[in-house]
Amino acid sequence: MIFYDTHAHYDDGRFDSDRETLLPELYRQGIGLINTIGTDIPSSRASIALAEQYPFIYAVVGGWPGNVGDMTEQDLEEYRTMASHEKVVAIGEIGLDYYYDDVPREIQKHWFDRQMALAAELSMPVVVHDRDAHGDCMDMVRKWAGQVKGVFHCFSGSAEMAVELTKLGWYVSFTGVVTFKNARRALEAVAAVSTDRIMIETDAPYLAPVPYRGRRNHSGYVPEVAKKIAEIKGLSLEEVARITTENGKRFFRISE
Ligand SMILES: [Zn+2]
């Protein structure tokens, strides 16, 4: 059984002590593909370096909404250059975060829009971070409909929103949050969308699933997310592993 963890942050300092042993071990355990996600220029560079080091790791480059407060057009140029690397599969994570609200909303929207334009120009998919900003994120998706397709990572919207996204050709991705006690909303979204539009992820080192909640997360826990989806969809774990891996490979255009 092979799993694809489509969203993790292996440049994070919490992996400094064991990254070199952990990543090959995860691969041996059946985590056949991993995306490591940039959140600013240095972490995007670090993500590419990891993708160069490990054949089963791919990189996503972009400015996360909490980090765009001082982003410049020169940074956008740098993401454009990075995106031409053969192991870079998407622009992200980009989007809006109205939960922390660290960066003025107009600035977040501006750089979300500029990075959507970059993805459109490069014909690349995007990885979207949406925290408490569903309405404005959907406006952005509709603005670029037909030009940009993407995935909402750690999907936290309604079932209706999930269905609308999939109708527009987008995907939704779920984390260990689906294993939490208060997961009703995320579970409704899982139930509402077609299985061929679902991806799974850890968002490691954050959001470790039950029964590992509170610990440092890593891709070895992604089967817990798949188990919950299998339960809701009435599928076997093997089927969910296979389908979500196929979905991720199709979406990120990975042929191996
Ligand atoms: Zn993330």
For segment 209-242, enumerate the residues that are in contact with an Asp or Glu (Cβ under 9 Å, 6 or more places away or on another chain) and among the small types (G, A, S). S219, G220, A230
In segment 111-127, anything free of Cβ contacts under 8 Å to residues at least 60 places away in the same chain and either open to solvent by 30 Å² or more (accessible area, probe 1.4 Å) or closer than 14 Å to I198 by Cα (or both) is listed as D113, R114, E121, L122, S123
Within segment 211-223, restricting to residues that are within 16 Å of the ligand (Cβ to nearest atom) and in a helix (DSSP H, G or I), the one that is farthest from the chain's Cα centre (by Cα) is Y221
Neighbours by Cβ (under 9 Å, 6+ apart or cross-chain): first from segment 41-64, under 22 Å from E25 (Cβ atoms); second assigned to a strand (DSSP E or B) and open to solvent by 20 Å² or more (accessible area, probe 1.4 Å): S47/Y58; A51/Y58
When the residues of segment 191-210 are filtered to those that are more than 14 Å from the ligand (Cβ to nearest atom) and of a type in the set (D, E, K, R), which remaining residue is surrounded by the most Cβ atoms within 10 Å (Cβ to Cβ)? R197
Name the residue that is surrounded by the most Cβ atoms within 10 Å (Cβ to Cβ), counting only residues in segment 157-177 that are within 16 Å of the ligand (Cβ to nearest atom) and among the hydrophobic types (A, V, I, L, M, F, W, C). F174
Would you confirm, using the coordinates I've provided, whether D75 is outside any helix (DSSP H, G or I) and either closer than 30 Å to K109 by Cα or not hydrophobic (A, V, I, L, M, F, W, C) (or both)? no
Checked T6, T21 against criteria (among the β-branched types (V, I, T) and within 17 Å of V89 (Cα to Cα)); the one match is T6
Looking only at segment 9-31, decide whether some residue is loosely packed, with under 14 Cβ neighbours inside 10 Å, over 20 Å from T202 (Cα atoms) and either at pLDDT 95 or above or more than 14 Å from the chain's Cα centre (by Cα) (or both). no
Could you please tell me which pairs satisfy a Cβ distance under 8 Å, a separation of 6+ or placement on different chains, a first residue in segment 242-255 that is without any contact (Cβ under 8 Å) to a residue 60 or more places away in the chain, and a second residue that is open to solvent by less than 20 Å² (accessible area, probe 1.4 Å)? I243/I198
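Conditions (1) within 15 Å of the ligand (Cβ to nearest atom); (2) in a loop (DSSP other than H, G, I, E, B); (3) under 21 Å from T36 (Cα atoms); (4) open to solvent by 60 Å² or more (accessible area, probe 1.4 Å), marked per residue:
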position	(1), (2), (3), (4)
A59	yes, no, yes, no
G63	yes, yes, yes, no
M82	no, no, yes, no
H85	no, yes, yes, no
I91	yes, no, yes, no
L96	yes, no, yes, no
V103	no, yes, no, no
Given the conditions (1) surrounded by fewer than 24 Cβ atoms within 10 Å (Cβ to Cβ); (2) of a type in the set (D, E); (3) not in a helix (DSSP H, G or I), which single one is not true for D5? (1)
List the pairs whose first member sits in segment 132-156 and is of a type in the set (S, T, Y) and within 15 Å of the ligand (Cβ to nearest atom), whose second member is modelled with pLDDT of 95 or more and in a loop (DSSP other than H, G, I, E, B), and whose Cβ atoms are under 9 Å apart, counting only residues at least 6 apart or on separate chains? S156/D132
Restricting segment 32-47 to residues that are away from the ligand (no atom under 11 Å from the Cβ) and not polar (S, T, N, Q), the residue that is most open to solvent (accessible area, probe 1.4 Å): R45
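The values are calculated or read from the model by the stated rules, or taken from the named source; none is laboratory data. Quick caveat: nothing in here was measured; it's all calculated off a predicted structure. All Cβ positions, even for glycine, are placed from backbone atoms using ideal geometry, and neighbour counts span all protein chains on display. Side chains included, ligands, DNA and RNA excluded: accessible areas come from the protein's heavy atoms. Shrake-Rupley method; radii C 1.70, N 1.55, O 1.52, S 1.80 Å.
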